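Let me begin by presenting the structure, written as structure tokens, before commenting on it.
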Amino acid sequence: MDSKDITILRILDGLWETYEWVPLSEIKERGPPMPYEKKLRNLKKLDLVLLTTKDEMHVKITEKGQDTLAVWDFKRHGVIDEIGHVVGEGKEAVVVLAKKGDDFVALKFNRYYSAEFQKIKESLSYSAIKWWKQRLGRKNRPLDISRAKAQIEYYALSKLEKKVNVPKPLGINRHVVAMEFLGDQVPAPLLHQVGKGSGLKDEIIENYEAALKLGIVHGDLSPYNIIVYDKPYLIDWPQAVPKGFEGAKELMERDKKKIDDFF
Ligand SMILES: Nc1ncnc2c1ncn2[C@@H]1O[C@H](COP(=O)(O)OP(=O)(O)O)[C@@H](O)[C@H]1O
Ligand SMILES: [Mg+2]
């Protein structure tokens, strides 16, 4: 991998809305002279692009290709120095440990599984995506769901960080959010692992109310989305919606009930 490979990936990434498969001639037009066919075959071996070669070669960037661009840009912008291993893998995201100086950073890579998304589309959890579409004024244009989720989470964390216990947001690139790492090389335990410690419930509710006061409903709160690291932190915000938005009230009631039920 060199900066020319990154140039190719960047061109492909920039054209995602225009082409499903980008013709080689379009890539060549946008990039400096280099042996494109050879480079692309190498990128394919690394699973960073897919190729079809009917008449002309056509290329598509993979999810791994987009991950690579995000990590490259986080380094370029000084958000991280190096990337480590996977520390968390949920239904809709992969969380990776990274380092900046002596500090640990969590990188959350949002994933898009179309089967999973079909289910979401019919559920309350879709409110956040609807809200974000409106906010971007993109009612009739395609939205990259993984990126939208990263943007919603980053927006919520930025709005809340001063008044609510959340991981401090450190950066966003494409479908990836960089945030403060809660734990010491390994993530601190989740509430469901810690159990019902004294005072935890009140502190969680206070934090939840503080978020509401700032106009934000979490939308996916549960003992699996609270990390206990000295104090309870509310994590995992891509389903957040503003208080007045459609579905917000039901989501708020569901969040509160899940905490009540646990305790
Ligand atoms: N800021 C963080 N610091 C440390 N670990 C984290 C952090 N954010 C997430 N994790 C770990 O990654 C797991 C998945 O993250 P989460 O945000 O809940 O995404 P999802 O549930 O959508 O996969 C969490 O259960 C937690 O163990
Ligand atoms: Mg989660």
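Can you order the peptides 102-113, 230-241 by their average number of other Cβ atoms within 10 Å per residue, highest first? Before the final figure, lay out the partial values.
On the way: 102-113: 18.8, 230-241: 22.6.
Ranked by mean Cβ neighbours within 10 Å, highest first: 230-241, 102-113.
Quick one: which of 40-52, 216-228 comes out on top by average Cβ neighbours within 10 Å, and what's the full order, highest first? Intermediate values should be presented prior to the final figure.
Details: 40-52: 15.8, 216-228: 22.5.
Packing order, densest peptide first, comes out as 216-228, 40-52.
Straight distance only, please: which lysines reach the Cα of Lys54 with their own Cα at less than 18 Å, same-chain residues fewer than 8 apart left out?
Those lysines meeting the cut-off are Lys28, Lys38, Lys44.
Under 18 Å from the Cα of Lys130, which lysines turn up, not counting those fewer than eight places away in the same chain?
The reachable lysines, counting only those whose Cα sits under 18 Å from Lys130, are Lys119, Lys121, Lys139, Lys149, Lys243, Lys249.
With r defined as the distance between the Cβ atoms of Met1 and Leu190 and R0 fixed at 41 Å, what FRET efficiency is calculated, to the nearest 0.05? Each step should come with its number before you reach the end.
Details: r = 35 Å, r/R0 = 0.86.
Once rounded, the FRET efficiency stands at 0.70.
What do you get for GluC sites (Glu not before Pro) in the stretch 1-37 restricted to DSSP loop and a cutoff of at most 13 other Cβ within 10 Å of the site's Cβ? Present the calculation step by step, with values, prior to reporting the outcome.
On the way: sites: Glu17, Glu20, Glu26, Glu29, Glu37; in loops: Glu17, Glu20.
Taking the stretch 1-37 and a limit of 13 other Cβ atoms within 10 Å, the loop GluC sites (Glu not before Pro) found are Glu17, Glu20.
Given 0.36 nm per residue, what is the gain on full extension from Asp47 to His85 after removing their alpha carbon distance, in nm? All intermediate terms of the calculation are to be shown ahead of the outcome.
Numbers: separation 38, 0.36 × 38 = 13.68 nm, distance 1.85 nm.
Using 0.36 nm per residue and subtracting the Cα-Cα distance, I get 11.8 nm.
Of the candidates Ile129, Ile61, Ile120, which one comes out as most mobile in a Gaussian network treatment of the chain with C-alpha springs shorter than 10 Å?
Ile120
Using a Förster distance of 45 angstrom, determine the FRET efficiency expected from the C-beta separation of Lys162 and Glu253, and round it to 0.05.
Numbers: r = 26 Å, r/R0 = 0.58.
Efficiency, rounded to the nearest 0.05: 0.95.
I'd like to know how the stretch 2-102 sits against the 2.2 N^0.38 Å rule of thumb: what's its Cα Rg over that expected value?
1.20
So what is the accessible area of the chain per residue, in Å², with the probe set to 1.4 Å?
Values: 13630 Å² over 263 residues.
Using a 1.4 Å probe on heavy atoms only, each residue of the chain averages 52 Å².
What number, rounded to the nearest 500 deg cm²/dmol, is the helix-based mean residue ellipticity at 222 nm of the chain, given -39500 (n - 2.57) per DSSP H run of at least four residues and division by all its residues? Could the numbers behind the result be given before it?
On the way: 10 runs with 110 residues, N = 263.
My calculation for the chain gives -12500 deg cm²/dmol from helical runs alone.
Using just the alpha carbons, could you tell me how many Å³ per residue the convex hull of the stretch 3-61 encloses?
For the stretch 3-61, the hull spanned by Cα atoms encloses 75 Å³ per residue.
Hey, in the GNM for the chain with a 10 angstrom Cα cutoff, which one of Gly199, Gly171, Gly244 fluctuates hardest?
Checking each option, the largest mean-square fluctuation is seen for Gly199.
Could you size up the charge dipole of the chain around its Cα centre, putting +1 on the beta carbon of Lys and Arg and -1 on that of Asp and Glu, and report it in debye to the nearest 20?
Working: 44 positive and 40 negative charges, 139 e Å.
Rounded to the nearest 20 debye, it is 660 debye.
Counting only protein heavy atoms and a 1.4 Å probe, tell me what percentage of the chain's accessible area is made up of carbon and sulfur. Kindly include the intermediate steps, with their values, before the conclusion.
On the way: 6690 of 13630 Å².
Roughly 49 percent of what the probe reaches on the chain is carbon or sulfur.
The values are calculated or read from the model by the stated rules, or taken from the named source; none is laboratory data. As the structure is a computational prediction, the values presented were derived from the model and not from experiment. Ideal geometry is used to build each Cβ from the backbone, glycine not excepted, and the neighbour counts take in all protein chains shown. Accessible surface areas use protein heavy atoms only, side chains included; no ligands, DNA or RNA. Shrake-Rupley method; radii C 1.70, N 1.55, O 1.52, S 1.80 Å.
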